[in-house]
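No value in this document is a laboratory result; all are computed from the given coordinates. This is a predicted model, so every value here is computed, not measured. FYI the Cβ positions are ideal-geometry reconstructions off the backbone, even for glycines, and counts take in every protein chain you see.
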């Protein structure tokens, strides 16, 4: 770095500091001890490594003290430092900007809109093609009652969903350990029960066998036919649902496609 001072070319800030120090016969360590500063501070000034000294105010303070100590002109060195700092400052307005490659950014929004459209179409198709599995209001669990009162209350709840069953009908009891959707129909296709039931709910109903049962969360539903437990082993699908037929003896078989809605 060079500057025109007093009509003659003078060396840069660091060279002038180093030259003045050497004329006094001082080493960097000796000068640092007399100024009570770290020797690395003086080395940074002489190397013009101003970034190592921190903020601009610290650089100017060290530069002024060092110049006064070795007999240099603080004003001239401050001027050299300021001019060099301004020249080194980058012009941010000339930094090139890179355009998006191959218009990829412009394709992101249409792709997202397309995915949303496909999802909505699938949802609409499911709603239109599965009339028997639309969500129903949660059925609240009935408080436990004793003796005949409990039997009467349970039968009343089933009667709200299905008409009275004929003589010799098969009785089906359902107990829900967790939230599950359920649909039950008898052999004639009458819908005996349908809805979304919360944990703790119980339902008892009767109908002509075989009963068609569709469970949305089969592991959470315990079934009993004519007071005998029904086993669902091998009938639960990978998504947790089950579609089955239950005969009057409590035997279960997978519901054939022609009888199960949505298959």
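Observations
- Candidates 191, 224 - the one that is surrounded by fewer than 20 Cβ atoms within 10 Å (Cβ to Cβ), touching a residue at least 40 places away in the same chain (Cβ under 8 Å) and closer than 26 Å to residue 126 by Cα: 191
- The requirement of being buried (at least 17 other Cβ atoms within 10 Å of the Cβ) and in contact (Cβ under 8 Å) with a residue 40 or more places away in the chain is satisfied by residue 209.
- If the condition is being more than 35 Å from the chain's Cα centre (by Cα), assigned to a strand (DSSP E or B) and under 14 Å from residue 245 (Cα atoms), then segment 207-225 contributes 207, 211, 212, 213, 223, 224, 225.
- Members of segment 181-219 found to be closer than 14 Å to residue 169 by Cβ and touching a helix residue (DSSP H, G or I) at 6+ places or on another chain (Cβ under 9 Å), listed by number: 185, 192, 193, 204, 205, 206
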